[in-house]
Amino acid sequence: MILARQDGGSENRRPGAIRWMANLAEIARKDREMKVLVTGGAGFIGSHVVDGLIALGHQVVVVDNLSTGYPENLNPDARFYQLDIRSRELLRVFERERPDIVNHHGAQMSVRVSMQDPLLDAQVNVLGSLNVIEACKAYGVSKLIYISTGGAVYGEPQYLPCDEAHPVNPLCQYGATKHMAEHYLFIYRKLYGLNYTVLRYPNVYGPRQDPFGEAGVVAIFTQQMLGGQPVIINGSGAQERDFVYISDVVRANLLALRSGDGEIINIGWGKGTSVNRIFQTLKAITSYAINPVYAPAIPGEVFKICLDPSKAKQLLDWQPCVTLKAGLASTVEYFRSHPNHYVAHSFSPADASDLPAPVQSFDISHAGSSLRHSLPWEPIACPQPSYPER
């Protein structure tokens, strides 16, 4: 089933909406207006990418099955289709919308699920991605921006920070399936001329991150601390990840609209931060008074990982600029301002009971307007990004 909705001219006041930095005007000047289809555009990262694209004046179409995304995250100025990326109906969306560019965030992103149900993981991340790639080929999409994982694809690093030449030896099925789509993109560029850029993500955090997902350690800790609940740290807490704030990641996606053709590019700081440090920093910000509870490490996860951003600087003119302290503070402020954002909303791909029925031409009115809010925080502007002390 396809559901779609679009509102024009509405002020973007959904939970966690970021007022975009003035230095993005430089990106806008270099881009013509395009239609961009974003899979996973109701999710944490995808919804912010949608906001950034719309802020630059692009038309945006969102495809999301709402299995892990939230209707509240949807930008009212985007056309929305509730649809699984594995569905044959995806071709109908491409036929109708004819996007210039596809930004592919839709995925099965749980390491645990990939190990417990590897067939499901492969169906979504391999067959679903191939379905998207085939649709791009069929309808003449000029470029596909594919979101991969730098945190899981390299496995236990042989050296740090990992650059793009590092061997790919994933320790979990999720890392393997995300990497598989990279091979398909190479093939489709060689055989059919489909242009692409692959962005290998670090640990992304910020407003709208789901505190009930396994990957969002910042959101999980923040939610638990603000609620006075025990915080569980899997493993010793000495494990390190490359934490990058959401607005920096969105900027990389916007720059990839016109740069990085045919390339795989790491997004990261090039430095690791321990889970224990994340805990201590959030503890200070939230005035949390309880010591953490340590539990066994999660199988399939690497101990330390960070991603070399040199290629991103060279090809995209991208560097991260929001410091860890500033990013964590803004994330805490978001959860303080929106304590019930994720409490009452849980969707499965077939659960559309809270959404209005479609009307002619697939348009439906925007639901959940009362849930639109603004985040009282403005990102740090970085016209000349550098690598400050984190």
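The values are calculated or read from the model by the stated rules, or taken from the named source; none is laboratory data. Bear in mind that the values here come from a model prediction, so they are computed numbers and not experimental data. Because the Cβ atoms are built from the backbone with ideal geometry, glycine has one as well, and the counts that use them run over all protein chains shown.
Got a sec? Which of VAL198, VAL218, VAL204 is buried (at least 22 other Cβ atoms within 10 Å of the Cβ), outside any loop (DSSP other than H, G, I, E, B) and touching an Asp or Glu at 6+ places or on another chain (Cβ under 6 Å)? Lay out the reasoning, then the answer.
Details: VAL218 fails: touching an Asp or Glu at 6+ places or on another chain (Cβ under 6 Å); VAL204 fails: touching an Asp or Glu at 6+ places or on another chain (Cβ under 6 Å).
The conditions single out VAL198.
Among what's in the stretch 143-176 and is under 22 Å from ALA252 (Cβ atoms) and polar (S, T, N, Q), pick the residue that is surrounded by the fewest Cβ atoms within 10 Å (Cβ to Cβ).
If we take residues in the stretch 143-176 being under 22 Å from ALA252 (Cβ atoms) and polar (S, T, N, Q), then THR149 is surrounded by the fewest Cβ atoms within 10 Å (Cβ to Cβ).
Which ones in the stretch 271-285 are in a helix (DSSP H, G or I) and either in contact with a Ser or Thr (Cβ under 8 Å, 6 or more places away or on another chain) or not charged (D, E, K, R) (or both)?
Result: VAL275, ASN276, ILE278, PHE279, GLN280, THR281, LEU282, ALA284, ILE285.
In contact with a Pro (Cβ under 8 Å, 6 or more places away or on another chain), free of Cβ contacts under 8 Å to residues at least 60 places away in the same chain and crowded, with 22+ Cβ neighbours inside 10 Å, is that true of VAL50?
No.
Just to be sure I understand, how many residues within the stretch 312-344 are surrounded by fewer than 20 Cβ atoms within 10 Å (Cβ to Cβ), over 12 Å from PRO207 (Cβ atoms), of a type in the set (A, V, I, L, M) and at pLDDT 95 or above?
Result for the stretch 312-344: 2.
Give the stretch 158-175 a look and list any residue that's assigned to a loop (DSSP other than H, G, I, E, B) and out of contact with any Phe, Trp or Tyr (no Cβ under 9 Å at 6 or more places or on another chain), or say none.
Within the stretch 158-175, the first condition is being assigned to a loop (DSSP other than H, G, I, E, B), and the residues that meet it are 158-161, 163-172.
Passing the criteria: GLN158, TYR159, LEU160, ASP163, GLU164, ALA165, LEU171, CYS172.
Give just the number: which of (1) surrounded by 19 or more Cβ atoms within 10 Å (Cβ to Cβ); (2) modelled with pLDDT under 95 does VAL244 not satisfy?
Only one criterion in (1) surrounded by 19 or more Cβ atoms within 10 Å (Cβ to Cβ); (2) modelled with pLDDT under 95 is unmet by VAL244, namely (2).
Looking at (1) in a loop (DSSP other than H, G, I, E, B); (2) polar (S, T, N, Q); (3) modelled with pLDDT under 95, which is the only condition SER370 fails?
Going through the list (1) in a loop (DSSP other than H, G, I, E, B); (2) polar (S, T, N, Q); (3) modelled with pLDDT under 95, SER370 breaks only (1).
Would you confirm whether any residue within the stretch 31-50 is assigned to a helix (DSSP H, G or I) and modelled with pLDDT under 95?
Taking every residue of the stretch 31-50 in turn, none turns out to be assigned to a helix (DSSP H, G or I) and modelled with pLDDT under 95.
Can you name the residue in the stretch 122-149 that is closer than 18 Å to LYS35 by Cα and hydroxyl-bearing (Ser, Thr, Tyr) and, of all such residues, is nearest to the chain's Cα centre (by Cα)?
TYR146
Looking at ASN291, ASN253 in this structure, which one is more than 30 Å from VAL141 (Cβ to Cβ) and out of contact with any Cys (no Cβ under 8 Å at 6 or more places or on another chain)?
None of the others qualify; the one that does is ASN291.
Given the structure, is LEU191 at pLDDT 95 or above and part of a strand (DSSP E or B)?
Criteria not met by LEU191.
Considering only the stretch 259-281, state which residues are surrounded by 16 or more Cβ atoms within 10 Å (Cβ to Cβ) and over 24 Å from LEU160 (Cβ atoms).
Result: SER259, single match.
I need the full set of residues from the stretch 189-214 which are touching a strand residue (DSSP E or B) at 6+ places or on another chain (Cβ under 8 Å) and more than 21 Å from ALA329 (Cβ to Cβ), in order please.
ARG189, LEU194, ASN195, TYR196, THR197, VAL198, LEU199, ARG200, TYR201 - these are the residues of the stretch 189-214 that are touching a strand residue (DSSP E or B) at 6+ places or on another chain (Cβ under 8 Å) and more than 21 Å from ALA329 (Cβ to Cβ).
Regarding the stretch 74-96, can at least one residue be identified that is over 20 Å from ILE133 (Cα atoms) and either at pLDDT below 95 or assigned to a helix (DSSP H, G or I) (or both)? Let's see the steps before the verdict.
Filtering the stretch 74-96 for residues over 20 Å from ILE133 (Cα atoms) gives 74-79.
Keeping just the survivors that are either at pLDDT below 95 or assigned to a helix (DSSP H, G or I) (or both) gives none.
So far as the stretch 74-96 goes, no, none of its residues is over 20 Å from ILE133 (Cα atoms) and either at pLDDT below 95 or assigned to a helix (DSSP H, G or I) (or both).
State all residues of the stretch 97-142 that are buried (at least 16 other Cβ atoms within 10 Å of the Cβ), outside any helix (DSSP H, G or I) and hydroxyl-bearing (Ser, Thr, Tyr); if no residue qualifies, say none.
Of everything in the stretch 97-142, those that are buried (at least 16 other Cβ atoms within 10 Å of the Cβ), outside any helix (DSSP H, G or I) and hydroxyl-bearing (Ser, Thr, Tyr) turn out to be SER110, TYR139.
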